[in-house]
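These notes concern the structure reproduced below.
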Amino acid sequence: MNIYLIRHTAVNLNGVCYGQTDVPLKDTFEAEAEIVKRNLKNIAYDAVFSSPLSRCTKLAEYCGFKDEIRLYDRLKELHFGDWEMQRWNDLEMKEWETDWINNQTPNGESFQQMYNRVSSFFDELKTENYKTILVFTHGGVINCARVYFGQTTLKNAFDQLAKYGEVIKFTLT
């Protein structure tokens with residue numbers, strides 16, 4: 001099965017932790033979304049999935065998939081808990097930084113927990129007969145996919161981050 005993961009377009013925030021918070025997109029949304037739409041134009045697909053956060057659903061709808069989107073909470077970004085919408089520079093992150101893979105953010109989740117929920121989505125897809133799917137999601141979810149598909153490790157998952165509006169293909173066997 002071919003899986004195309006599509007990262008949402010640029011957000012209109014700077015220096016703020018926003019994981020699962022719905023946040024506004026930049027004024028450049030339409031121009032960025034048009035590029036994504038062109039990149040997806042010739043892909044024959046069986047299903048379209050999306051994070052329920054508006055930065056993903058808005059892009060999926062712009063690309064013409066409004067009536068086909070299946071929303072999955074497992075495709076959301078990392079839940080930063082109490083850190084949501086706080087300035088990164090104001091956060092006390094020493095304990096979390098010692099082992100961000102296993103340590104949860106305050107009232108949030110660890111990267112391992114996020115990886116487990118994203119992996120369960122891919123594991124479930126193995127039981128389906130799709131040939132090609134589109135998934136509108138977030139950078140952290142794409143990093144989890146890179147780990148799941150053996151391109152990197154949990155420890156190195158953030159060494160390479162998908163660009164806003166980037167379309168990345170994976171093959172699930």
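The values are calculated or read from the model by the stated rules, or taken from the named source; none is laboratory data. Bear in mind that the values here come from a model prediction, so they are computed numbers and not experimental data. Glycine also receives a Cβ, built like all others from the backbone with ideal geometry; neighbour counts cover every protein chain displayed.
Of all residues in the stretch 111-152 being surrounded by 19 or more Cβ atoms within 10 Å (Cβ to Cβ) and among the polar types (S, T, N, Q), which is farthest from Lys66 (Cα to Cα)?
Asn143
Considering only the stretch 50-134, give the helices (runs of 4 or more DSSP H) lying wholly within it that have at least 2 residues that are touching a Leu at 6+ places or on another chain (Cβ under 8 Å).
Numbers: elements: 54-62, 94-98, 111-125.
Helices (runs of 4 or more DSSP H) meeting the threshold: 54-62, 111-125.
When residues of the stretch 26-58 are filtered for being within 19 Å of His79 (Cα to Cα), buried (at least 17 other Cβ atoms within 10 Å of the Cβ) and not charged (D, E, K, R), how many remain?
Count: 5.
Identify the single condition in (1) touching a Phe, Trp or Tyr at 6+ places or on another chain (Cβ under 9 Å); (2) at pLDDT 95 or above; (3) closer than 24 Å to Leu59 by Cα that Phe158 does not satisfy, given that it satisfies every other one.
It is condition (2) that Phe158 fails.
Could you tell me how many of the residues in the stretch 37-49 are assigned to a loop (DSSP other than H, G, I, E, B) and not polar (S, T, N, Q)? Show your work before the answer.
At the first step, the residues of the stretch 37-49 found to be assigned to a loop (DSSP other than H, G, I, E, B) are 41-46.
Next, from what is left, pick out any that are not polar (S, T, N, Q): 41, 43-46.
Total satisfying the criteria: 5.
I need the full set of residues from the stretch 1-36 which are within 28 Å of Asn129 (Cβ to Cβ) and part of a helix (DSSP H, G or I), in order please.
Within the stretch 1-36, just Val36 meets the criteria.
Run Glu77 past the list (1) out of contact with any Lys or Arg (no Cβ under 7 Å at 6 or more places or on another chain); (2) more than 21 Å from Asn116 (Cβ to Cβ); (3) not hydrophobic (A, V, I, L, M, F, W, C) and report the number of the one that doesn't hold.
Among (1) out of contact with any Lys or Arg (no Cβ under 7 Å at 6 or more places or on another chain); (2) more than 21 Å from Asn116 (Cβ to Cβ); (3) not hydrophobic (A, V, I, L, M, F, W, C), the lone unmet condition for Glu77 is (2).
Among the residues of the stretch 37-50, which ones are within 21 Å of Asn129 (Cα to Cα) and polar (S, T, N, Q)?
Asn42, Ser50
Being in contact with a Lys or Arg (Cβ under 8 Å, 6 or more places away or on another chain) and modelled with pLDDT of 95 or more: is that true of Cys56 here?
On the way: in contact with a Lys or Arg (Cβ under 8 Å, 6 or more places away or on another chain): no; modelled with pLDDT of 95 or more: yes.
No; evaluated as a whole, the condition is false for this residue.
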